[in-house]
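Reading through the structure tokens given below for one structure.
The values are calculated or read from the model by the stated rules, or taken from the named source; none is laboratory data. Just so we're clear, the structure is a prediction, and the values are computed from it rather than from any experiment. Quick reminder, even Gly has a Cβ in these numbers, built from the backbone with ideal geometry, and neighbours come from all protein chains shown.
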Amino acid sequence: MDADRAPLRVPILGLSALELRERIASGALRAVDLAHACLEQIGAMESEIQAWAWLDSDFVLEQARALDRYRSTGRPLGPLHGLPVGIKDIINTRRIPTENGTPLDAGRVPVVDAFVVERLRAAGAIIMGKTVTTELAFLHPSRTRNPRAPRHTPGGSSSGSAAAVAASMVPLAIGTQTGGSVIRPAAYCGIVGYKPTFGAIPRTGILTQAPSLDTVGVFARSVEDAAMLAEVLFGHSPADPASQPAPPPRLLKTAASAPPVRPMFAFVRPPGWDDADEQTMLAMRELTEYLGEYCFEAPLPRLFAEAPTIRERINSAEMAKNYAHYERRGRDQLSDTILAAMDAGKAISAPGYIAALDWPEVLNAGLDEIFRRCDAILTPATPTPAPAGIKSTGSSIFNGLWTLCGTPAVTLPLLENENGLPIGVQLVGRRGEDARLLRTARWLAAEVLEDRG
């Protein structure tokens, strides 16, 4: 037996991140044993799933051994001590390649960690490696496959992060969302994805696509696990104007607590509702009927129908600016997908772009009327389960509105279609009320799973 290895009494990859943390803290599990288990899972599945852009087993085990030595000193442990975390390959990692999903950045090795990576290291997490992203975190598909259905897309752009968690390669991972790049792949892969309020997690050291929209999010297999990871990442960075000084959040404690009263939900048909397939509509109808008097339908004002166009206008205009240096360096090495979006962005007038930036406040005023009557908005995460084929990352039409508005959103793997493909249930909260949203999401997940079991 490997000198690092100890016999395990439980199948640890089936445990939640919270359970793993408690076992490591108590001494019932060593960080190096968890690291070995994750590496073995990657070894068994990576050739099919292809979730990793960079992975070094020796580097992983070196971190795990150091964390075990630290624990033996009796000093206080960080909130993520010993937990492996996958990091999307647009997030800078010191002395580790960060290639942004493009050959134009091949061999790029940052000298400074991103804000979120600094937080992970300080919390005692194991930097497991870099997960595959689509090209420059946009729509051109990556090589990653969906662990739930390898012939179906895993979504994007955080495809590797979602797939790595869904395949039990790591208990936790980080991604980003500019349209639907956290919620959509989480829904397709059948896991929990959480996109916090805009600006809650600083983006310092992360590829900038559209700074009015870019948001850091997390992947996990439970709401509590997502809350635990996100809580470590919340904070303020002077280098990110979207982040604001604020008291430390209590996401995990709140998420794990019982709501003071049974939550109320507002069912919303988002822009693009007609794109939803029959089974998704039926599944959502059954869920709203299950919730009964604690769920009401809330029609969105007519103005919301323009939100997808407004979000795309902002995204394209800002991407044309921020990715111009890639085009100068090698337009021929960029996909037609990204070039078309950049060309569209160049054609947007300054008044049109500036006017679009006013929309989030207008839309949130309309949402406030709904939030006065509910704890969370209830809506599908995607119009359909993961589409067959890998030539597309699927539709983000049900996510873009909430990214534009900057509201927190979480998807729960509560439903399936007749073929067993996950149908994500998306909950949306008021801006800044992330803890309340996570508490409501945990309650709903527990309620549905308990009723099933």
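All but one of (1) part of a loop (DSSP other than H, G, I, E, B); (2) more than 28 Å from Pro154 (Cα to Cα); (3) of a type in the set (Lys, Arg) hold for Arg269, so report the exception by its number.
Of everything listed in (1) part of a loop (DSSP other than H, G, I, E, B); (2) more than 28 Å from Pro154 (Cα to Cα); (3) of a type in the set (Lys, Arg), Arg269 misses just condition (2).
Among the residues of region 58-79, is any within 17 Å of the chain's Cα centre (by Cα) and at pLDDT 95 or above?
Here is the first cut: in region 58-79, the ones within 17 Å of the chain's Cα centre (by Cα) are none.
No.
Quick check on Val132: is it under 20 Å from Leu233 (Cα atoms), among the aliphatic types (A, V, I, L, M) and surrounded by 24 or more Cβ atoms within 10 Å (Cβ to Cβ)?
So Val132 fails the test.
Six or more apart or on different chains, Cβ under 6 Å: which pairs go from a residue in region 362-377 that's among the aromatic types (Phe, Trp, Tyr) to one that's assigned to a loop (DSSP other than H, G, I, E, B)? Could you list them?
Partner pairs satisfying both residue conditions: Phe371/Arg430.
Against the condition free of Cβ contacts under 8 Å to residues at least 60 places away in the same chain and surrounded by 13 or more Cβ atoms within 10 Å (Cβ to Cβ), how does Ser335 come out, does it pass?
Taking the combined requirement at face value, the residue does not satisfy it.
Within region 229-240, can you find the residues that are out of contact with any strand residue (DSSP E or B) (no Cβ under 8 Å at 6 or more places or on another chain) and under 16 Å from Gly86 (Cα atoms)?
Across region 229-240, the qualifying residue is only Val232.
Could you run through region 106-139 and say how many residues are closer than 24 Å to Gly179 by Cβ and of a type outside the set (S, T, N, Q)?
11
Can you confirm whether region 75-94 contains a residue that is free of Cβ contacts under 8 Å to residues at least 12 places away in the same chain and of a type in the set (S, T, N, Q)?
No, region 75-94 has no match at all.
Between Leu412, Leu449, Leu404, which is modelled with pLDDT of 95 or more and more than 23 Å from Thr144 (Cβ to Cβ)?
Being modelled with pLDDT of 95 or more and more than 23 Å from Thr144 (Cβ to Cβ) holds for just one of Leu412, Leu449, Leu404, which is Leu404.
Filter region 287-330 down to the residues that are closer than 19 Å to Pro380 by Cβ, of a type outside the set (A, V, I, L, M, F, W, C), loosely packed, with under 14 Cβ neighbours inside 10 Å and touching a residue at least 24 places away in the same chain (Cβ under 8 Å) and list them by number.
Across region 287-330, the qualifying residues are Tyr290, Glu297, Pro299.
For region 150-174, what are the residues that are in contact with a Ser or Thr (Cβ under 9 Å, 6 or more places away or on another chain) and within 15 Å of Gly394 (Cβ to Cβ)?
Within region 150-174, Thr153, Pro154, Gly155, Gly156, Ser157, Ser158, Ser159, Ala162, Ala163 qualify.
On the basis of being modelled with pLDDT under 95 and among the acidic types (Asp, Glu), does Asp434 make the cut?
When the stated conditions are applied, Asp434 does not pass them.
Quick check, is Leu282 over 16 Å from the mean Cα position of the chain (by Cα), crowded, with 20+ Cβ neighbours inside 10 Å and outside the structural domain of Leu80 (by TED's automatic domain parsing)? Steps first, please.
Values: over 16 Å from the mean Cα position of the chain (by Cα): yes; crowded, with 20+ Cβ neighbours inside 10 Å: no; outside the structural domain of Leu80 (by TED's automatic domain parsing): yes.
So Leu282 fails the test.
With (1) within 27 Å of Arg108 (Cβ to Cβ); (2) buried (at least 24 other Cβ atoms within 10 Å of the Cβ); (3) not aromatic (Phe, Trp, Tyr) as the list, and Pro171 as the residue in question, which single condition is left unmet?
So Pro171 meets the others, but not (1).
Residues to consider are Thr403, Thr407; find the one that is of a type in the set (Val, Ile, Thr), over 29 Å from Glu99 (Cβ atoms), in contact with a Gly (Cβ under 8 Å, 6 or more places away or on another chain) and not assigned by TED's automatic domain parsing to the domain that holds Ala149.
Residue meeting the stated conditions: Thr407.
Between a first residue in region 12-36 that is on the phi > 0 side of the Ramachandran plot and in the same structural domain as Asp225 (by TED's automatic domain parsing) and a second residue that is modelled with pLDDT of 95 or more and among the aromatic types (Phe, Trp, Tyr), which pairs have beta carbons less than 8 Å apart while being 6 or more apart in sequence or on different chains?
Here the result reads none, with nothing in region 12-36 linked to a residue that is modelled with pLDDT of 95 or more and among the aromatic types (Phe, Trp, Tyr).
Given the residues Thr208, Thr204, which is the only one that is outside any helix (DSSP H, G or I) and touching an Asp or Glu at 6+ places or on another chain (Cβ under 6 Å)?
Thr204
Kindly evaluate Gly345 against the criterion of being closer than 24 Å to Ala210 by Cα, surrounded by fewer than 24 Cβ atoms within 10 Å (Cβ to Cβ) and of a type outside the set (Val, Ile, Thr).
When the stated conditions are applied, Gly345 passes them.
Residues Glu48, Glu40: which one is surrounded by fewer than 19 Cβ atoms within 10 Å (Cβ to Cβ), under 19 Å from Pro185 (Cβ atoms) and in the same structural domain as Asn146 (by TED's automatic domain parsing)?
The match here is Glu48.
For region 202-221, which positions are within 30 Å of Val448 (Cα to Cα) and either crowded, with 23+ Cβ neighbours inside 10 Å or in contact with a strand residue (DSSP E or B) (Cβ under 6 Å, 6 or more places away or on another chain) (or both)?
Going through region 202-221, the residues within 30 Å of Val448 (Cα to Cα) turn out to be 215-221.
Selection gives Thr215, Val216, Gly217, Val218, Phe219, Ala220.
Collect the residues in region 210-219 that are in contact (Cβ under 8 Å) with a residue 60 or more places away in the chain and touching a Ser or Thr at 6+ places or on another chain (Cβ under 8 Å), keeping them in residue-number order.
Ala210, Leu213, Thr215, Val216, Phe219
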